[in-house]
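Q: Let me begin by handing over the structure; questions about it come next.
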Amino acid sequence: PKERPLAGLSAVVTSGPTHEPIDPVRYIANRSSGRQGHAIAAALRDAGADVTLVSGPVTLPDPQGVSVRHVETAAEMLSAVEASLPADIAVFVAAVADWRVAAESLRKIKKTAEGPPSLALAENPDILATIGHHAKRPGLVVGFAAETDDLLANARNKLERKGADAILANDVSPEGGVMGGSDNTIRLVTADGVEEWPKLAKDAAAGRLAGWIAARLGRSVRK
Ligand code: C5P
């Protein structure tokens, strides 16, 4: 039926930032609010999918009718996503930290006369790229590209490199107010080309993505 085009399908969505611990009281984080990812989880649920939301630390309530896994770090997020496979649809919205602190201190780092400590960083796993090339790869894999420069070139590059079927590119220049804000202007990049979406509230953008996914999977019913 038109109202629940994704009925019978399962989806996994990542959302929010990750927190990478420095010591017991400090961490590295970013400005992601989780609003866009949580809205996408809710939109896929509304379209009838059985949704698992893997969320980093956010202040948003858990969406109803969605199975939520709370994680802190990128490594935990990857494990929770892998545990949710197999799935038909995966949408990676989380702003995963690219780096973690190589050796987390188990004691609070103290100020000393020697001056500030230096933090050695280690690369985090790329969850989208891992799942995009996974033995249990979902049939449809969607990612985001939040960029301030060379939006489309970077999005096309991510599509290839990360094994995604679509990349939703959005401009996160500070003047746009996307990070933490309520609106998003998206360009949907696939192997077929680029679709420009108008500026939309994040929940409207989520609804439009759910509709696009249903159409792509041949699940939409025409009037
Ligand atoms: O490379 P970049 O971080 O711009 O890629 C963004 C896309 O990749 C988003 O879909 C994001 O959720 C995903 N990503 C990820 N794991 C990472 C980094 C990015 O899943 N470590």
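Q: Solvent-accessible area per residue for the chain at a 1.4 Å probe radius, Å²? Show your work: numbers first, answer last.
A: Working: 11670 Å² over 223 residues.
Using a 1.4 Å probe on heavy atoms only, each residue of the chain averages 52 Å².
Q: Once all Cα-Cα distances of the chain are split into 10 Å bins that start at 0, what whole-number percent is in each one?
A: Using 10 Å bins, I get a P(r) of 8, 33, 36, 16, 5, 2, 0, 0 for the chain.
Q: Placing +1 at every Lys and Arg Cβ and -1 at every Asp and Glu Cβ, with all other atoms neutral, what dipole size does the chain have around its Cα centre, in debye to the nearest 20?
A: Values: 26 positive and 27 negative charges, 98 e Å.
That gives a dipole near 480 debye.
Q: Right, something else. I need the GluC sites (Glu not before Pro) found in region 25-124, filtered to DSSP loop residues with at most 15 other beta carbons within 10 Å of theirs. Mind showing how you got there, number by number?
A: Working: sites: GLU72, GLU76, GLU82, GLU104, GLU114, GLU123; in loops: GLU72, GLU104, GLU114.
Qualifying residues, ordered by number: GLU104, GLU114.
Q: Continuing with the same structure: With a 1.4 Å probe and every protein chain kept in, tell me what percent of the accessible surface of region 35-168 is carbon plus sulfur.
A: 49 percent
Q: Give the aspartates and glutamates whose C-alpha is closer than 14 Å to that of LYS110, dropping any in the same chain fewer than 8 places away, or say none.
A: By straight Cα distance, LYS110 reaches ASP23.
Q: Is there a pair in LYS136/LYS199; LYS158/LYS199; LYS108/LYS162; LYS136/LYS158 whose C-alpha atoms are over 28 Å apart, and which pairs would that be?
A: On the way: LYS136/LYS199 34 Å; LYS158/LYS199 22 Å; LYS108/LYS162 37 Å; LYS136/LYS158 20 Å.
Violating the 28 Å Cα-Cα cut-off are LYS136/LYS199; LYS108/LYS162.
The values are calculated or read from the model by the stated rules, or taken from the named source; none is laboratory data. Just so it is clear, the structure is predicted and the values come from calculations on it, not from any experiment. We place every Cβ from the backbone using ideal geometry, glycine too, and count neighbours over all the protein chains shown. Note: accessible area is taken over every heavy atom of the protein model, side chains too, but ligands, DNA and RNA are not part of it. Shrake-Rupley method; radii C 1.70, N 1.55, O 1.52, S 1.80 Å.
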